[in-house]
Structure formats: C-alpha cells, structure tokens
1. Could you identify the single residue in 173, 152, 166 that is within 22 Å of the chain's Cα centre (by Cα) and either touching a residue at least 40 places away in the same chain (Cβ under 8 Å) or in the same structural domain as residue 138 (by TED's automatic domain parsing) (or both)?
2. Modelled with pLDDT under 95, in the same structural domain as residue 63 (by TED's automatic domain parsing) and touching a Leu at 6+ places or on another chain (Cβ under 7 Å): does that describe residue 25?
3. Just to be sure before I move on: is residue 194 modelled with pLDDT of 95 or more, farther than 23 Å from residue 102 by Cα and in a helix (DSSP H, G or I) in the structure I sent?
4. How many of the residues making up the stretch 108-159 are within 19 Å of residue 87 (Cβ to Cβ), in a loop (DSSP other than H, G, I, E, B) and of a type outside the set (Val, Ile, Thr)?
5. When both residues are 6+ apart or on different chains and their Cβ atoms are under 8 Å apart, which pairs have a first residue that lies in the stretch 5-21 and is within 21 Å of residue 39 (Cβ to Cβ), and a second that is small (Gly, Ala, Ser) and surrounded by 16 or more Cβ atoms within 10 Å (Cβ to Cβ)?
6. Every residue in the stretch 158-182 that is charged (D, E, K, R) and surrounded by 13 or more Cβ atoms within 10 Å (Cβ to Cβ), please.
7. Checking residue 104 against (1) surrounded by fewer than 16 Cβ atoms within 10 Å (Cβ to Cβ); (2) assigned to a helix (DSSP H, G or I), only one condition comes out false. Which one?
Amino acid sequence: MIQVQVNGQALGIPVERVQSFADLIELVKSSIDPEHMVTAILLDGRDMRDEEWTMSPAQLQGDRLEFSSGRPEVYVAERLQDASSVVRSCFFEFRDARKGFQDGDTTAGNKRLKVAVDTLKAFFEWYGTLMQLVPDAARAKLDISEEVVSISETCKKICQQQLYQSWWALGESIEKDLEPKLDKLEDTCRKVAREAQGGEIA
C-alpha cells in the first residue's frame, strides 16, 4: 500500500478507500495549513506520468506519494524566476522565424512562427494562472497586461500578414515591432522576479 506523505511527514490516509486522485488531493488539502497550497506531487521521488493522474490512488504502483505544500506567494516567487528565460526563448524563436522569412524560406519561417506563437500563448496563460494565486493587493506589482495587450496586437498583425503572404512585411513587423516588445517584456519579468524574491508580493 502506498504511504502518503506531506512535507516529509506520513499522513494516515487509507489510500485504498479513496476513489479518485481529486478526492485524495482534497483530503491532503484539508490536512495542511489553510493558508498553504499543494505545490508539488511526486510518486517515489519522480513526477507522475500523465496516465497515473487518471488512476485511483489504490491503482498507483509505488511506495510513497509525496505532497509538498507552501504559501502561494512563495510558490509564485519561485516560479517567476523562470519567466524572463521563457520570454527570451520566445524572442529567439520569433527571431529564427523572421530570419526564415527574410531568407526566402517561408516553409521554415511558418513552422518556426507557429512554435513561437504557441510558446508565447502558453507563457501568457501560465503567467495568468500564477497571478490568480497571489493576493489582490499584490497583483498590481506582477501586472504585465499592458505588455500582453501590445504584444498580442502585434501578433494579430503578423498573422494577418501571414494570411496574405506578405512575407517581407511580416519579417519587418517581427524585427521592428515584436522583438523590441519581447525584449522589454523580458526586462519587466526580470524586475518582477526580483521584487517577488524580495518578498514584495506577500
């Protein structure tokens, strides 16, 4: 039978009686500090595989199911340390796409552009999720909505140029409009991460 641990301490939950993973998470949440949230779930020290999330806890093959918990603002501060590097990665993906268009290789340009847009969209969604975890008063310090709106408008223009196969104009839009905005967003994310690490979002 799997032993359930929370922050290294065994929790006496009879796993075989728990019907679903969602139920187990609720049980664990009821046992931790109300001001804390579950920040990680590991099975025998590893991340769980996709198919394991749909199993009942009794079906899991392992010895230890480990839950970590912590204050939401600490979790957010840790995650925000990665934000600027993700934006930098987006910057290079868009730059590679732009170079493809400027070199006349529209097939490579289009493939790279799709990857870049998907990565940026996932980043905005991820950042928005983190924003929901901090107190309302702290959200203003993390707010990047102005940058998101501006970048999204540029991306719409780029998609229009792609639709009309205006490859030269598309390359120009990425180089002259989008890349500087991503560069600025990277700086903003670095600043926000510093403030979060300094405890200014508590």
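The values are calculated or read from the model by the stated rules, or taken from the named source; none is laboratory data. Being a predicted model, the structure only gives us computed values, none of them experimental. Positions of Cβ are generated from backbone atoms using ideal geometry, with glycine treated the same way; all protein chains shown enter the neighbour counts.
1. Details: 173 fails: within 22 Å of the chain's Cα centre (by Cα); 166 fails: within 22 Å of the chain's Cα centre (by Cα).
Of 173, 152, 166, the one residue that is within 22 Å of the chain's Cα centre (by Cα) and either touching a residue at least 40 places away in the same chain (Cβ under 8 Å) or in the same structural domain as residue 138 (by TED's automatic domain parsing) (or both) is 152.
2. Details: modelled with pLDDT under 95: yes; in the same structural domain as residue 63 (by TED's automatic domain parsing): yes; touching a Leu at 6+ places or on another chain (Cβ under 7 Å): no.
Against the criterion (modelled with pLDDT under 95, in the same structural domain as residue 63 (by TED's automatic domain parsing) and touching a Leu at 6+ places or on another chain (Cβ under 7 Å)), residue 25 does not qualify.
3. Numbers: modelled with pLDDT of 95 or more: no; farther than 23 Å from residue 102 by Cα: yes; in a helix (DSSP H, G or I): yes.
No; evaluated as a whole, the condition is false for this residue.
4. Total meeting the criteria: 1.
5. 6/68; 6/69; 7/68; 7/69
6. Within the stretch 158-182, the subset charged (D, E, K, R) is 172, 175-177, 179, 181.
Passing the criteria: 172, 175, 177, 179, 181.
7. (2)
Every residue, every condition in (1) of a type in the set (A, V, I, L, M); (2) surrounded by 13 or more Cβ atoms within 10 Å (Cβ to Cβ); (3) at pLDDT 95 or above; (4) in a strand (DSSP E or B), yes or no:
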residue: 53; (1), (2), (3), (4): no, no, no, no
residue: 58; (1), (2), (3), (4): yes, yes, no, no
residue: 74; (1), (2), (3), (4): yes, yes, no, no
residue: 78; (1), (2), (3), (4): no, yes, no, no
residue: 88; (1), (2), (3), (4): no, yes, yes, no
residue: 93; (1), (2), (3), (4): no, yes, yes, no
residue: 96; (1), (2), (3), (4): no, yes, yes, no
